[in-house]
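Just below is one structure, and these are the notes that go with it.
The values are calculated or read from the model by the stated rules, or taken from the named source; none is laboratory data. Here the structure is a predicted model, which is why all the values come from computation and not from measurement. Here the Cβ is made from the backbone with ideal geometry for all residues, glycine too, and neighbour counts use every protein chain on show. These area figures cover heavy atoms from the full protein model, side chains too; ligands, DNA and RNA do not enter into them. Shrake-Rupley method; radii C 1.70, N 1.55, O 1.52, S 1.80 Å.
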Amino acid sequence: MVVRSSRESRLLYPSRLRGRLPTKQLTTTLSKVHDWRTLRCVGRRIPLLFPQPSQFLIRVTSRIGESKNWIRAGVLAQVLVGLPGDPKKDTKRLYLDENFERFDGSGYSYYLEFWPYRWLSDYRLEVWAQLQPTLVVFAVQPFTINGETFTIDGVELRL
C-alpha cells in the first residue's frame, strides 16, 4: 500500500501495478465484473484490463459510513496501460451510493483504481460493466436544385 503524506492527500492508493492483468471483453449487457469487501482502509485496483470504451455502474457501500451519514467514498481513476508512468486519463469522485461512469481509452487499454478516503475503514466495492454503445453519425448534405441550395424562409433544407 502506498500512502502519500497527509498534506498531499486524504486518499489511500494501491501499490504500483506489477505484472499483467487479464483482459475483460465486454458485451452490451451490463454484468457484474468485480465484488470486493474489506475491513481495512486500503486502495483497490479492479484486477481487469478493459480494451474498449466501456460504461460502469459502481456501488460503494460502508456500514460505518451509513451509521455516520457520510456521503463521500473516494475517487475512481482510469489508468492507461502502455504509456510510461501509468498516466491517469480521468478521475471521478465516488459517493456511498451507485455511480454510473463512462470511460474510453483513446486507443489504449486501461484499468480502474479506487482510492478511498482515509476515514472509510470498511467498504464494499461492486462493479458492473458493459460495452459502451457506438454512436453512428450520418453526414448531412444540403438539398440542391440545379446547383442552388434549396431554402425555406432562408433556412437550408438538409437531407
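The string of couplings for the stretch 43-55 from the Karplus curve (6.51, -1.76, 1.60, θ = phi - 60°) is x, 9, 9, 6, x, 9, 9, 10, x, 9, x, 9, 10 Hz, one whole number per residue in order, with x for Gly and Pro. In summary, the lysines within cross-link reach of residue 89, defined as a Cα separation below 25 angstrom excluding same-chain residues under 8 places away, comprise 24, 32.
Annotation: amide H of residue 33 within the under-5 Å range of 127, 128, 129, sequence separation 5 or more or interchain, hydrogens built in the peptide plane. Anisotropy class assigned to the stretch 1-121 is oblate, per the alpha carbon gyration tensor with a/c at or over the 1.5 cut-off and a/b no larger than b/c. Charging the Cβ of each Asp and Glu at -1 and of each Lys and Arg at +1, and nothing else, the dipole of the stretch 1-133 about its Cα centre rounds to 460 debye. Straight-distance candidates among the lysines for linking to residue 68, with alpha-carbon spacing under 25 Å and chain neighbours fewer than 8 residues away dropped: 92.
Applying the Karplus relation 6.51 cos²θ - 1.76 cosθ + 1.60 with θ = phi - 60° to the stretch 114-124 yields 3J(HN,Hα) values of 10, 10, x, 5, 4, 7, 8, 7, 9, 7, 10 Hz, where x marks Gly and Pro. Per residue, the stretch 41-121 exposes 46 Å² of accessible surface when a 1.4 Å probe is rolled over the protein heavy atoms with every protein chain present.
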